[in-house]
Amino acid sequence: MAIARRCCSLILIVLGLVLLVAGIVLLAAVALIPQSSHDALNRYMYTLVPEAKGSFIAVYVLLTLRNLLVCTGRGIKVDGISTLSPDGFKSVYLKCYKNMVTQDMADVFGWDGTLGVMPVGTRGGTGYWGPCFYSHSSYKKAVENPAAGRPNGMFILSNRSTLPPGVIPVSVDQILLEFDTGHPEWKRRRQLLWDGLPALHQQDSVPAAIAPPGVSPRDGHSDQAIMRVLGVTLFQWLFGVDVSNEIELILEYDKLFAPAVFGGFTGGVVGGKRLAEIRDIIEHKVARGEVGREFLALAESRGMPGQTRLQDAIWVVLFAGFGGTSNLAIQTIKHILANPGLNVPLLRKDVEAFMLEAARLYPPVGGMNPIELREPLELKLPAGKTVVAPVGTWGLTITSGANRDPTIFEDPETFRPGRKNAERLLTWNAELGDIRAGKAVRGCPGTHLSLRLATSVVSYFVDGAESAARGKAMLNDGEL
C-alpha cells in the first residue's frame with residue numbers, strides 16, 4: 001500500500017513537471033510570435049465580430065497574452081526581477097500593455113475618432129464585446145456626454161458583489177465612481193468634496209514635500225521611499241494631519257488593495273477586514289483634525305451622513321490620490337534618473353511643462369472604466385461592416401491612448417516639455433485646460449492636487465539626486 005502511494009506521488013510530481021515545462025514552452029512560443037503575425041491576427045480578429053464569439057475571444061486572449069509577455073520582458077530588462085512583483089505588474093500594465101492595446105486598435109481603426117471594439121466581459125448589452133474609446137476625440141466624446149453611464153456595482157474591473165466586506169466601506173451604499181454623470185447624488189458628493197477639502201482647489205504655488213523620518217531626498221531609486229513622502233505630504237496638505245506614524249500601514253493598504261483595481265482581489269475575507277482596519281485608523285486621525293471636523297459638520301449641515309461621507313472620501317484618497325499619484329511620481333522620477341544629464345535641466349527650465357509632459361505619458365488615471373451606454377452606438381468595423389452596440393453595453397476608455405493620439409500630439413512617443421497642445425492631455429478625464437477653466441463635464445476632482453503633489457515629490461527627490469551627484473563629483477576631485 002505504501003509503495004502504491006509513493007508511486008502515485010511520483011507520478012503526480014512527474015506529471016506536474018511535464019505540465020510546467022509544457023506551460024513554459026507554450027508561453028515562450030506565444031512570446032516569440034513575430035510582430036507581422038501578431039498584426040495579421042489583429043486584423044483578422046475584427047472580421048469575427050459579431051458572429052464568431054468564441055473565435056474572437058480566443059484570438060484576443062492570444063494577442064493579450066503575447067502583449068503581456070512582451071511588456072514583461074521589457075520590464076525585466078529595465079527593472080529586473082522586481083517586474084514580477086505586484087507593483088511591477090502594475091507598472092507593466094500602465095506603461096506598456098495599455099499602449100500596445102491602443103496601437104493594435106489604431107492599426108485597424110485609425111486615429112480619426114473611429115471607435116475600437118474589444119471584449120468587455122460577460123456583462124453588458126452585447127454579452128461579450130463593446131466599444132473602446134482610445135483616440136483623443138472618441139475619449140472626449142465618451143466622457144463629456146452629460147449623461148455618461150456607469151455600471152451599477154462596478155469598481156474598475158471588479159464587481160462589488162465579488163469583493164469581500166471591507167474592500168469598499170460597508171457604510172457606503174454607492175461609491176462615487178458608480179454614478180452616471182449628472183446624477184443628483186453624484187453632483188452633491190462632488191460638491192461636498194470640493195467645498196470641504198480646500199486643498200483640491202487650484203493654487204499658484206507648490207509647497208515643499210514632507211518626508212517622514214528615515215527617508216532621504218537621495219532615495220529616489222526606491223519606489224517605497226517615493227510613496228512614503230507622497231503619502232505623508234498628501235494627508236498633510238489635504239487633511240492637515242501627520243500620518244508619519246501610519247505611513248507603513250498606508251503602504252500595506254495599497255499593496256493589498258491594488259489587485260482589486262484589476263478585477264482580482266486576492267486578500268479574501270481576511271484581506272478585506274485588514275483594509276477596513278487600516279482605514280479606521282486613518283479615519284480616526286483625520287476626524288480629529290480641523291479639516292476633518294469641518295468636513296463632518298459640512299456634510300451634516302447638508303443632510304448627508306458625515307461619517308459615511310468621510311469614509312467615502314478617505315477610500316477615494318487612498319485609491320486615487322495616493323495610489324494613482326504615486327504611480328505618476330514614480331514613473332516621472334524613473335524617467336528623470338534614466339538620463340539625468342538631459343532631464344534635470346529640462347525640469348529646471350520649466351517644471352510645469354515638464355510635469356505636464358510626464359502626466360501625458362504616465363497618467364495616474366487609467367480612464368473612466370467601465371462606461372455603460374445609455375443610447376445605442378453604431379461602430380464601423382473593417383471591410384465596411386457595421387454593428388450596433390445596444391443600450392446597456394459596456395465600453396472602455398484608455399487615457400494613455402488618447403494622450404498619444406498623433407492627430408493632437410505631434411510625435412507622441414517623444415518626451416517634449418512645452419509641446420503644442422500640452423493642456424489638451426486627458427490624464428484627469430478631461431482636457432486640463434477645461435478643468436482649469438471650470439468647464440470639464442467629469443474631470444477628476446483631485447486634478448489640481450494631484451499635479452501639485454507629484455510636482456513637489458518629484459522636485460524633492462531630484463534635489464536629492466543633484467546633491468548626491470555634486471557630492472560624488474567633489475569626492476572624485478579630492479574636495480571632500
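The values are calculated or read from the model by the stated rules, or taken from the named source; none is laboratory data. Just so it is clear, the model here is predicted, and its values are computed rather than measured. Every residue, glycine as well, gets a Cβ built from its backbone with ideal geometry; the counts of neighbours run over all protein chains shown. Remember, those area values only see protein heavy atoms, side chains included, never the ligands or the DNA or RNA. Shrake-Rupley method; radii C 1.70, N 1.55, O 1.52, S 1.80 Å.
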Query raised in the report: Within the bounds of segment 402-419, is there any residue that is of a type in the set (Lys, Arg) and more than 19 Å from TYR134 (Cβ to Cβ)?
Result: yes
Requested in this report: Scan segment 388-404 for residues that are touching a helix residue (DSSP H, G or I) at 6+ places or on another chain (Cβ under 6 Å), hydroxyl-bearing (Ser, Thr, Tyr) and part of a helix (DSSP H, G or I) and jot them down.
Outcome: SER400
Requested in this report: All but one of (1) assigned to a loop (DSSP other than H, G, I, E, B); (2) over 20 Å from the mean Cα position of the chain (by Cα); (3) not β-branched (Val, Ile, Thr) hold for SER161, so report the exception by its number.
Outcome: (1)
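I need the full set of residues from segment 380-403 which are out of contact with any Pro (no Cβ under 8 Å at 6 or more places or on another chain), among the hydroxyl-bearing types (Ser, Thr, Tyr) and either at pLDDT 90 or above or more than 14 Å from PHE109 (Cβ to Cβ) (or both), in order please. Quick ask: steps written out before the conclusion?
From segment 380-403, those out of contact with any Pro (no Cβ under 8 Å at 6 or more places or on another chain) are 380-386, 392, 397-398, 401-402; that's our starting set.
Cutting the leftovers down to among the hydroxyl-bearing types (Ser, Thr, Tyr) gives us 386, 397.
Across segment 380-403, the qualifying residue is only THR397.
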Report task. Give the number of residues within segment 420-439 that are on the phi < 0 side of the Ramachandran plot and without any contact (Cβ under 8 Å) to a residue 40 or more places away in the chain. Result -> 6
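Please go through segment 130-155 and give me each residue that is hydrophobic (A, V, I, L, M, F, W, C) and open to solvent by 40 Å² or more (accessible area, probe 1.4 Å), ordered by number.
Initial filter on segment 130-155 (hydrophobic (A, V, I, L, M, F, W, C)): 132-133, 142-143, 147-148, 154-155.
Listed by number, the list holds a single entry, ALA147.
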Report task. Keeping to segment 50-66, report how many residues are touching a helix residue (DSSP H, G or I) at 6+ places or on another chain (Cβ under 6 Å) and exposed (fewer than 15 other Cβ atoms within 10 Å of the Cβ). Result -> 1
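Would you mind finding the one in THR393, THR407 that is surrounded by fewer than 22 Cβ atoms within 10 Å (Cβ to Cβ) and of a type in the set (S, T, N, Q)? If you could, list the steps in order and put the result at the bottom.
On the way: THR393 fails: surrounded by fewer than 22 Cβ atoms within 10 Å (Cβ to Cβ).
THR407 is the lone residue from the list that is surrounded by fewer than 22 Cβ atoms within 10 Å (Cβ to Cβ) and of a type in the set (S, T, N, Q).
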Query raised in the report: Of these, MET355, MET368, MET304, which one is among the aliphatic types (A, V, I, L, M), assigned to a loop (DSSP other than H, G, I, E, B), modelled with pLDDT of 95 or more and closer than 30 Å to ARG189 by Cα?
Result: MET304
Query raised in the report: What about GLY182, is it open to solvent by less than 10 Å² (accessible area, probe 1.4 Å) and part of a loop (DSSP other than H, G, I, E, B)?
Result: no
Requested in this report: Look through ALA147, ALA209, ALA142, ALA199 and report the one residue that is closer than 29 Å to MET100 by Cα and in contact (Cβ under 8 Å) with a residue 24 or more places away in the chain.
Outcome: ALA142
Query - Identity of the residue in segment 224-268, modelled with pLDDT of 95 or more and polar (S, T, N, Q), that ends up most open to solvent (accessible area, probe 1.4 Å) - result: ASN245
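Determine which member of the set THR325, THR308 is open to solvent by 20 Å² or more (accessible area, probe 1.4 Å), of a type in the set (Ser, Thr, Tyr) and touching a residue at least 40 places away in the same chain (Cβ under 8 Å).
Working: THR325 fails: open to solvent by 20 Å² or more (accessible area, probe 1.4 Å).
Only one candidate qualifies: THR308.
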Query raised in the report: Which residue pairs have Cβ atoms closer than 6 Å, lie 6 or more positions apart in sequence or on different chains, and pair a first residue in segment 228-250 that is under 12 Å from ILE282 (Cα atoms) with a second residue that is part of a helix (DSSP H, G or I) and of a type in the set (D, E, K, R)?
Result: VAL241/LYS285; ILE247/ARG228
Requested in this report: Hey, can you tell me all the residues within segment 186-210 that are over 22 Å from GLU352 (Cα atoms) and open to solvent by 40 Å² or more (accessible area, probe 1.4 Å)?
Outcome: LYS187, ARG188, ARG190, GLN191, TRP194, ASP195
Query raised in the report: Could you say whether any residue in segment 77-88 is modelled with pLDDT under 85, within 24 Å of LYS140 (Cβ to Cβ), open to solvent by 30 Å² or more (accessible area, probe 1.4 Å) and under 18 Å from the mean Cα position of the chain (by Cα)?
Result: no
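Could you tell me whether GLY267 is without any contact (Cβ under 8 Å) to a residue 60 or more places away in the chain, farther than 22 Å from ALA454 by Cα and in contact with a Lys or Arg (Cβ under 9 Å, 6 or more places away or on another chain)? Show your work before the answer.
On the way: without any contact (Cβ under 8 Å) to a residue 60 or more places away in the chain: no; farther than 22 Å from ALA454 by Cα: yes; in contact with a Lys or Arg (Cβ under 9 Å, 6 or more places away or on another chain): yes.
In short, no.
Would you confirm, using the coordinates I've provided, whether ASP173 is in a loop (DSSP other than H, G, I, E, B) and either open to solvent by 10 Å² or more (accessible area, probe 1.4 Å) or on the phi < 0 side of the Ramachandran plot (or both)?
Numbers: in a loop (DSSP other than H, G, I, E, B): yes; either open to solvent by 10 Å² or more (accessible area, probe 1.4 Å) or on the phi < 0 side of the Ramachandran plot (or both): yes.
Taking the combined requirement at face value, the residue satisfies it.
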Requested in this report: For segment 39-50, indicate whether the set of residues that are over 22 Å from THR393 (Cα atoms), at pLDDT 90 or above, in contact with an Asp or Glu (Cβ under 6 Å, 6 or more places away or on another chain) and part of a helix (DSSP H, G or I) is non-empty.
Outcome: yes
